[in-house]
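> Take this structure, written in structure tokens, and hold onto it; I'll ask about it next.
The values are calculated or read from the model by the stated rules, or taken from the named source; none is laboratory data. Nothing here was measured: the structure is a model prediction, and the numbers come from that model. Cβ coordinates were reconstructed from backbone atoms using ideal geometry, including for glycine residues, and neighbour counts include every protein chain displayed.
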């Protein structure tokens, strides 16, 4: 589930991706729930070349498959 949903969701960001690297050089750190809803925010930031790092605000609500997908996509996250 971690990567599956992302494939279909990419097409919805066409207008925001007209610029090749609009966030290149910008660092973003976020402390939030690592869930499918927030995973899309991470993918969007990374696809726009932001340097993003996530920290789980509640390890009990963290979805492990989503955390693994974020790491695979290049977004480190801390779940402990």
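> Which numbered condition trips up residue 45, out of (1) part of a helix (DSSP H, G or I); (2) crowded, with 18+ Cβ neighbours inside 10 Å; (3) touching a helix residue (DSSP H, G or I) at 6+ places or on another chain (Cβ under 7 Å)?
Failed condition: (3).
> Is it fair to say residue 34 is touching a residue at least 40 places away in the same chain (Cβ under 8 Å), surrounded by 12 or more Cβ atoms within 10 Å (Cβ to Cβ) and in contact with a strand residue (DSSP E or B) (Cβ under 7 Å, 6 or more places away or on another chain)?
yes
> So which pairs qualify, if the first residue must be in the range 53-80 and modelled with pLDDT under 90, the second must be in a helix (DSSP H, G or I), the Cβ gap must be under 7 Å, and the two must be at least 6 apart or on different chains?
77/67; 77/70; 77/71; 79/59; 79/67; 80/59
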